[in-house]
Amino acid sequence: MSIFKEKHPLVILVRKLAFLRILKWPMLLLMVFGSLNYSGFCFKEMRYLSDEEKIRGAIAANHTIKGNQKWRRSSYDKLGRVSEYEVVIPYADVDEFLRENPNCCRVIYKGFADDRPPGFFEKIFGTCNYGVRMTYTYRYIKKTLKEPIDENVKGGAEKRERTLNEIKGEKHERLIRDHLYTAGNCGQFCGGDENDFSIITIYGIVHEIFRFLNL
């Protein structure tokens with residue numbers, strides 16, 4: 001049997017050895033990317049985010065900032081109709097939030113208490129790496145409706161909008177609220193839809209390895 005035939009054991013061994021030599025570079029890259037991701041490196045910005053940037057990003061995503069959540073349904077009756085609305089009195093921007101809530105926030109990497117800390121693979125892929133613990137004043141107006149609103153029937157949405165407009169003129173309440181915002185290396189919310197650049201990079205390397213194996 002000729003040793004130059006495709007299925008000869010010696011040919012197969014040589015090909016495997018050659019593959020292992022080629023494979024070490026992609027594997028080395030994977031280890032480098034994984035280590036950087038685990039340490040919190042943001043490939044999208046090609047740098048580490050500062051604690052100030054992480055805090056400001058968490059505040060910007062908070063529902064109390066103008067342009068985010070304006071109101072919510074806070075209670076229903078037995079028939080599934082809305083019996084109570086809660087309207088958010090928003091902060092104009094991150095700077096106002098910080099002025100009104102000095103020393104509100106700190107970045108944490110452990111000690112998540114009852115909240116689940118980022119898992120090993122989440123940190124390796126950069127999708128979830130840290131948390132921002134926030135304690136701030138939540139300003140809102142809560143209104144219990146005399147007549148519950150069924151938003152699913154015709155005219156229900158219009159009735160809701162009229163009610164919300166009437167509520168906005170009433171006196172608001174204040175509540176000290178604790179909140180934990182968890183984020184990936186570039187500040188994206190853990191479990192969000194955004195694909196981090198680090199994920200795409202690692203996926204690309206793995207994809208090339210498997211493409212090589214299929215040749």
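The values are calculated or read from the model by the stated rules, or taken from the named source; none is laboratory data. Keep in mind that what you see is a predicted model, and the values were worked out from it rather than measured. With ideal geometry, Cβ positions are generated from the backbone for all residues, glycine too; neighbour counts draw on all protein chains shown.
Table for the structure above
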quantity: Qualifying residue in the range 146-165 (condition: modelled with pLDDT under 85, of a type outside the set (V, I, T), within 23 Å of I89 (Cβ to Cβ) and assigned to a strand (DSSP E or B)); calculated: yes
quantity: Any hit, the range 144-159, residues being surrounded by 11 or more Cβ atoms within 10 Å (Cβ to Cβ), among the hydroxyl-bearing types (S, T, Y) and either touching a strand residue (DSSP E or B) at 6+ places or on another chain (Cβ under 9 Å) or within 30 Å of L98 (Cβ to Cβ) (or both); calculated: no
quantity: Residues of the range 49-62 classified as exposed (fewer than 13 other Cβ atoms within 10 Å of the Cβ) and outside any helix (DSSP H, G or I), total; calculated: 1
quantity: Of all residues in the range 69-84 being in contact with a strand residue (DSSP E or B) (Cβ under 8 Å, 6 or more places away or on another chain) and assigned to a loop (DSSP other than H, G, I, E, B), the one that is surrounded by the fewest Cβ atoms within 10 Å (Cβ to Cβ); calculated: L79
quantity: Filter result for the condition that a residue is in contact with a Leu (Cβ under 8 Å, 6 or more places away or on another chain), among the β-branched types (V, I, T) and either in a helix (DSSP H, G or I) or modelled with pLDDT of 85 or more (or both), over V11, V107, V87; calculated: V87
quantity: Failed item in (1) at pLDDT below 90; (2) surrounded by 13 or more Cβ atoms within 10 Å (Cβ to Cβ); (3) not β-branched (V, I, T), with S39 passing the rest; calculated: (2)
